[in-house]
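What follows is a single structure, written as structure tokens, with notes after it.
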Amino acid sequence: MKLLTAKFVVPVTSPIIEAGAILIDGGLIRSVGPVRELRAAMPAGTPVDDLGDVALLPGFVNPHTHLELTNYQGVLPRAPLWEWFNALLPMRATPGAAEREIEGVREGARQSLAAGVTLIGDISRRGITALSLRDSPIRRVCFIELISGASLPPSNAVELATIADDADRRFGDDRTRIGITPHAPYTVTPADLQAARRIATDHHWPLTMHLLETVEERDWLHGRAGFLADFLRDRGLACANYQPTDPVAWLSESGIADAATLFAHLNYADQNTIDLLANSQSSVVYCPRAHEFFGHTDHPWRSLLSRGINVCVGTDSLASNVSLSILDELRFLAARYPDIDDMTLLEMGTIRASRSLRLERSAGHLSIDAWADACAIPCVSGKVDDVVDEIINGNEKPVLTWVAGTLASTQAGL
Ligand SMILES: [Zn+2]
């Protein structure tokens with residue numbers, strides 16, 4: 001048992017506490033409140049760690065990243081997605097790439113922890129996250145990616161179920177959750193998609209999927225063959241023989257929105273698609289700086305929020321971004337959209353993001369019985385009312401990060 005005290009405790013799901021503290025035992029938060037109350041109630045001799053002039057927050061949650069692409073940071077210029085993709089793929093096939101990507105996963109986890117991120121939703125085409133992060137303290141949902149007919153398994157729903165089941169048995173615990181991710185509408189056949197949805201539901205595995213990321217995908221989902229149909233045919237992909245007519249019909253037929261699915265991007269959603277998602281348990285992760293990197297038009301995240309959809313932010317990979325910091329994403333948004341209140345932004349990097357991974361009971365807030373996953377950010381503010389503004393609009397970075405009540409990153413290194 002130990003007590004962490006701070007100038008401000010920012011639980012996110014309850015009011016900010018000045019001169020606050022959290023009591024930690026067994027990796028969980030046992031109590032949250034004013035220092036004097038917690039000191040009076042705790043057993044004599046409980047160690048106290050006074051953090052001083054900091055805001056103590058829940059660890060940030062990054063629900064959409066691809067850590068296996070960490071070592072491609074700064075290698076690829078800003079470009080539309082397809083050009084970027086065509087430049088990336090040959091690099092991933094060079095000798096030694098797989099080993100470099102494993103090291104990239106580990107480096108990405110270290111950078112995430114240093115940025116105060118304690119929980120990630122990570123997608124791996126090579127399926128390497130769970131094994132690569134075996135010794136990392138970061139919490140992770142390891143999404144295993146399905147592309148129908150791919151040369152690398154899983155290439156169909158049966159393989160997906162086998163691989164995910166095996167990973168769950170070998171690695172699944174409080175720190176490592178297994179999830180599944182049919183890659184995108186144009187790379188997964190309708191039959192595989194329906195099967196993936198059933199597999200996720202049967203096993204209670206979180207499910208995520210890229211959707212409506214590009215103009216070309218939007219046109220294809222609306223029944224206009226064009227660029228994407230050629231792209232699929234040229235590569236001999238399994239969806240080359242399939243042509244949807246409308247995104248809403250596609251969503252309804254696949255049943256994919258019925259599994260509390262986390263949709264990544266949704267850059268080009270029309271009103272009917274937004275209506276359908278607003279009537280489901282779906283979440284949407286918007287990756288602001290990757291969105292800008294790829295040169296997309298304005299993202300509809302504010303209309304999604306106003307429709308009550310659970311919107312959160314992610315970083316995507318370092319092959320299209322400059323950091324794995326969720327706080328950097330929130331600051332990027334705050335600078336461009338001053339009309340959005342700072343607390344909503346903070347929620348998009350914490351509780352809304354943990355909800356999107358279906359871990360909202362344990363992560364994304366500082367509450368009794370939640371995981372003791374937290375970060376501390378220097379805070380000079382003297383007033384409770386200014387703390388969130390200072391976190392979101394200031395320049396200070398997290399200096400300490402805890403997972404399960406144990407320090408997982410410090411500025412000086414562990
Ligand atoms: Zn992605």
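The values are calculated or read from the model by the stated rules, or taken from the named source; none is laboratory data. Everything quoted here is computed from the prediction, not taken from an experiment. Using ideal geometry, Cβ is built from the backbone for each residue, glycine included, and neighbour counts are taken over all protein chains shown.
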task: Return the total of residues in segment 359-399 being buried (at least 21 other Cβ atoms within 10 Å of the Cβ) and touching a strand residue (DSSP E or B) at 6+ places or on another chain (Cβ under 9 Å).
output: 18
Residue list for segment 292-329, restricted to those being within 13 Å of the ligand (Cβ to nearest atom) and aromatic (F, W, Y): F293, F294
task: Starting from segment 290-305, keep only residues that are in contact (Cβ under 8 Å) with a residue 40 or more places away in the chain, then list their pairs with residues that are surrounded by fewer than 17 Cβ atoms within 10 Å (Cβ to Cβ) and of a type in the set (K, R) whose Cβ atoms are within a distance under 6 Å, requiring at least 6 positions of separation or different chains.
output: F293/R78
- request: Could you pull out the residue among D168, D135, D122 that is surrounded by fewer than 19 Cβ atoms within 10 Å (Cβ to Cβ) and either at negative phi or touching an Asp or Glu at 6+ places or on another chain (Cβ under 6 Å) (or both)?
  value: D135
- request: Output the number of residues of segment 338-358 satisfying the condition of being in contact with a Gly (Cβ under 6 Å, 6 or more places away or on another chain) and surrounded by fewer than 22 Cβ atoms within 10 Å (Cβ to Cβ).
  value: 0
- line: Those residues of segment 167-223 that are aromatic (F, W, Y) and within 19 Å of L359 (Cα to Cα) come to a total of 2
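Restrict the check to segment 333-346 and report whether at least one residue is within 16 Å of the ligand (Cβ to nearest atom), modelled with pLDDT of 95 or more, over 11 Å from I392 (Cβ atoms) and not aromatic (F, W, Y).
Checking segment 333-346: not a single residue is within 16 Å of the ligand (Cβ to nearest atom), modelled with pLDDT of 95 or more, over 11 Å from I392 (Cβ atoms) and not aromatic (F, W, Y).
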- request: Check every one of the helices (runs of 4 or more DSSP H) wholly within segment 1-118 and list those with 1 or more residues that are surrounded by 14 or more Cβ atoms within 10 Å (Cβ to Cβ) and within 16 Å of the ligand (Cβ to nearest atom).
  value: 81-92, 97-114
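Table: residues versus (1) assigned to a helix (DSSP H, G or I); (2) among the small types (G, A, S).
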| site | (1), (2) |
| --- | --- |
| A161 | yes, yes |
| D168 | yes, no |
| T181 | no, no |
| R197 | yes, no |
